[in-house]
Amino acid sequence: MDVLRDATELTVTEAAQRGVARLVADAERGTDLVVTRRHRPVAAVVGIRRLNELEQAAADLRDLALVLVRAATDTGRRTPIDDVLSAFGRTRESLAALSDEDE
């Protein structure tokens, strides 16, 4: 597991013997735990700070992927706002004339 490369591994039996309270205490102290069954990872126990870090890293990677896709597919062509409005049968003036109830 690359994301939890420094994690402490323990079997399901070992995790059960430790008990939930000790697993949670370890995670709170910053120890990532990977629970295995038949030598295969089946669960992970991480503290909330670590979970937040992982979620932020995932969000950053999604943003990076979007930037890369946009950079690779950008033709440089830009569409003026008036052309977009016209395609929908609107003008700047018609939008400005809308009341809050019309929106």
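Find the residue count for the stretch 1-47, including only residues that are under 25 Å from ALA58 (Cα atoms) and part of a strand (DSSP E or B).
Of the residues in the stretch 1-47, 12 are under 25 Å from ALA58 (Cα atoms) and part of a strand (DSSP E or B).
Hey, among the residues in the stretch 77-103 that are part of a loop (DSSP other than H, G, I, E, B) and surrounded by 10 or more Cβ atoms within 10 Å (Cβ to Cβ), which one's modelled with the lowest pLDDT?
Kept after step one, since they are part of a loop (DSSP other than H, G, I, E, B), are these residues of the stretch 77-103: 77-80, 88-91, 97-103.
When the remaining residues are screened for being surrounded by 10 or more Cβ atoms within 10 Å (Cβ to Cβ), the result is 90-91, 98.
Numbers: ARG90: 94, THR91: 94, LEU98: 89.
In this case the residue turns out to be LEU98.
Would you mind finding the one in VAL24, VAL34, VAL45 that is β-branched (Val, Ile, Thr), in contact with an Asp or Glu (Cβ under 7 Å, 6 or more places away or on another chain) and surrounded by 10 or more Cβ atoms within 10 Å (Cβ to Cβ)?
VAL34
Quickly run through the stretch 48-76 and pick out the residues that are part of a loop (DSSP other than H, G, I, E, B) and β-branched (Val, Ile, Thr). It would help to see each step written out before you state the result.
Restricting attention to the stretch 48-76, the residues satisfying the condition of being part of a loop (DSSP other than H, G, I, E, B) are 74-76.
THR75 - this is the single residue of the stretch 48-76 that is part of a loop (DSSP other than H, G, I, E, B) and β-branched (Val, Ile, Thr).
Just to be sure, is ASP60 under 19 Å from ARG5 (Cα atoms), at pLDDT 95 or above and acidic (Asp, Glu)? Give the steps one after another, and end with the answer.
On the way: under 19 Å from ARG5 (Cα atoms): no; at pLDDT 95 or above: yes; acidic (Asp, Glu): yes.
Considered against the rule, which asks whether it is under 19 Å from ARG5 (Cα atoms), at pLDDT 95 or above and acidic (Asp, Glu), ASP60 comes out as no.
Does ALA44 fit the bill of being within 30 Å of ALA25 (Cβ to Cβ), in contact with a Leu (Cβ under 7 Å, 6 or more places away or on another chain), without any contact (Cβ under 8 Å) to a residue 60 or more places away in the chain and aliphatic (A, V, I, L, M)?
Values: within 30 Å of ALA25 (Cβ to Cβ): yes; in contact with a Leu (Cβ under 7 Å, 6 or more places away or on another chain): yes; without any contact (Cβ under 8 Å) to a residue 60 or more places away in the chain: yes; aliphatic (A, V, I, L, M): yes.
In short, yes.
The values are calculated or read from the model by the stated rules, or taken from the named source; none is laboratory data. Here the structure is a predicted model, which is why all the values come from computation and not from measurement. Virtual Cβ from ideal backbone geometry, glycine too; neighbours counted across all protein chains shown.
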